[in-house]
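Single-structure report; data block below.
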Amino acid sequence: MPRYAQLVMGPAGSGKSTYCSTLIQHAAAINRSVQVVNLDPAAEHFDYPVMADIRELIMVDDVMEDESLRFGPNGGLVFCMEYFANNFDWLEESLGHVEDDYILFDCPGQIELYTHLPVMRQLVEQLQQWEFRVCGVFLVDSQFMVETFKFISGIMAALSAMVSLEIPTVNIMTKMDLLSPKAKKEIEKYLDPDMYSMMEDNSVTIRSKKFKKLTKAICGLIDDYSMVRFLPFDRTDEEGINIVLQHIDFSIQYGEDLEFKEPKEPDEEPDNTNYDDFFQDKEED
């Protein structure tokens, strides 16, 4: 039986832990088993139980306090993740093997881990060897995306992660519940963006010809790939949460290999009507 995994990615402050917490509560409400693994060695606390915590293996604070290493926060986190990549046996032992595992991997917020460092790609390959079907879930803060140029930078980060990891990816705009009604209406155009029309809308504010040319080239790249779309995520909207989960389940084919359960036999005797004779009589008539 396959196992299923979500890699919950995104910049720092994009709402990864809140997303995991919301999904845990939603899964409990629909009687579904979902577990969380913390892969952030700099995490401080959770409001949900975790089945495995990378801080049991290594912590950023310990690395930064090591006088022989002398790493800062970012360098310490990269060191922790590279140490983790050399100790995947710890993760394998922590995960065990239960049929129909569905696990959320709460990942760190350093964007370079998904763009040009091999650590997360190595994790994906290892999970696939353990028979996991892996989906990337890339989160961006909707409050950050209300300006076109910030939105373009968010799309480029998501696209970079998609190309680097080479796995099905669902892109999500988080914290929709924190937006005003006016901002919610304004942000709808960013969910399924038309890059060239966005650029034309902001052409007046672009004074530099070089910047305008660069922006046009980036918009062309995004439009050519045509891979980045966003789903809104409002943690107070059960229906919206269910739609997001359905998209992710579809991308990893969750539920297709679940065993079929035979229906219970009725107490009454089965109807032995011979339908072949019935249709033959009809034809003769």
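The values are calculated or read from the model by the stated rules, or taken from the named source; none is laboratory data. Not measured: the values here are computed from a predicted model. FYI the Cβ positions are ideal-geometry reconstructions off the backbone, even for glycines, and counts take in every protein chain you see. Ligands, DNA and RNA are stripped out before the accessible areas are found, and what is left, the full protein with its side chains, is counted by its heavy atoms. Shrake-Rupley method; radii C 1.70, N 1.55, O 1.52, S 1.80 Å.
For segment 58-149, what is the accessible area per residue in Å² when the probe is 1.4 Å?
Spelled out: the 1.4 Å probe surface of segment 58-149, per residue, equals 48 Å².
Using 0.36 nm per residue, how much length does the chain from Ser68 to Gln122 gain when fully extended, once their Cα-Cα distance is taken away?
Computed gain between Ser68 and Gln122 is 16.7 nm.
When a/c reaches 1.5 or more, the comparison of a/b and b/c decides; with that in mind, is segment 43-160 rounded, prolate or oblate per its Cα gyration tensor?
Oblate.
Order 188-196, 168-176, 18-26 from most to least packed using the mean count of other Cβ atoms within 10 Å.
168-176, 18-26, 188-196
Suppose the chain between Lys210 and Thr236 were pulled fully straight at 0.36 nm per residue; how much longer would it get relative to their current alpha carbon spacing?
That works out to 5.0 nm of additional length.
Quick one: helix 73-85 against the long Cα principal axis of the chain, what's the angle to the nearest 10°, folded into 0 to 90?
Roughly 40 degrees, rounded to the nearest 10.
Pairs to check: Lys182/Lys213; Lys16/Lys216; Lys16/Lys212; Lys185/Lys209; Lys189/Lys216. Give those whose C-alpha atoms are more than 27 Å from each other in this structure.
In this structure, Lys182/Lys213; Lys16/Lys216; Lys16/Lys212; Lys185/Lys209 exceed 27 Å between Cα atoms.
Explain nothing, just the number: relative contact order of segment 40-138, from Cα pairs under 8 Å at least 6 residues apart, as a whole percent.
Relative contact order comes out at 26 percent.
Measure nothing but the geometry: give the 0 to 90° angle between the long axis through the Cα atoms of 181-191 and the longest principal axis through the Cα atoms of the chain, rounded to 10°.
Taking Cα atoms only, the helix is inclined about 80 degrees.
Suppose the chain between Glu92 and Asp249 were pulled fully straight at 0.36 nm per residue; how much longer would it get relative to their current alpha carbon spacing?
That pair, Glu92 and Asp249, stretches by 54.2 nm at full extension.
Going by the alpha-carbon gyration tensor, a ≥ b ≥ c the square roots of its eigenvalues, is segment 132-232 rounded (a/c under 1.5) or, if a/c is not under 1.5, prolate (a/b greater than b/c) versus oblate?
The shape class here is oblate.
Hey, if you put +1 on the Cβ of every Lys and Arg and -1 on every Asp and Glu Cβ in the chain, which of Phe132, Phe151, Asn31 ends up farthest toward the positive end of that dipole?
My answer, from the dipole projection, is Phe151.
For segment 96-166, what mean projected area does the convex hull of the alpha carbons give, in nm²?
Its average projected convex-hull area is 5.5 nm².
Please sort 216-223, 64-71, 1-8 by packing, taking for each peptide the average over its residues of neighbouring beta carbons within 10 angstrom, highest first.
1-8, 216-223, 64-71
Given springs between every Cα pair under 10 Å in a Gaussian network model of the chain, which of Gly76, Gly154, Gly255 has the largest fluctuation?
Gly255
Roughly how many debye, to the nearest 20, is the charge dipole of the chain about its Cα centre, given +1 on each Lys and Arg Cβ, -1 on each Asp and Glu Cβ, and no other charges?
Its charge dipole is roughly 3000 debye.
So if we plug the beta-carbon distance of Leu178 and Asp61 into 1/(1 + (r/R0)^6) with R0 = 35 Å, what FRET efficiency do we get, rounded to 0.05?
0.70
Can you find, among Leu179, Ala217, Pro108, the residue sitting farthest towards the positive end of the charge dipole of the chain, where Lys and Arg contribute +1 and Asp and Glu -1 at Cβ?
Ala217
In the Gaussian network model of the chain, springs joining C-alpha atoms below 10 Å, which of Phe88, Phe105, Phe132 carries the largest mean-square fluctuation?
Taking springs between Cα atoms under 10 Å, the residue moving most is Phe88.
In the chain, what percent of the accessible surface is made up of carbon and sulfur (1.4 Å probe, ligands and nucleic acids excluded)?
Within the chain, the accessible surface is 49 percent carbon and sulfur.
Counting each DSSP H run of 4 or more residues in the chain as -39500 (n - 2.57), what helix-only mean residue ellipticity at 222 nm follows after dividing by all residues, to the nearest 500 deg cm²/dmol?
Per the formula, -14000 deg cm²/dmol.
Give, as a single signed number, the net charge of other residues whose beta carbon lies under 14 Å from the beta carbon of Thr22, with Lys and Arg counted +1 and Asp and Glu -1.
Result for the local shell: -3.
Which of the three applies to the chain, rounded, prolate or oblate, going by the alpha-carbon gyration tensor with a ≥ b ≥ c and a/c under 1.5 meaning rounded?
Oblate.
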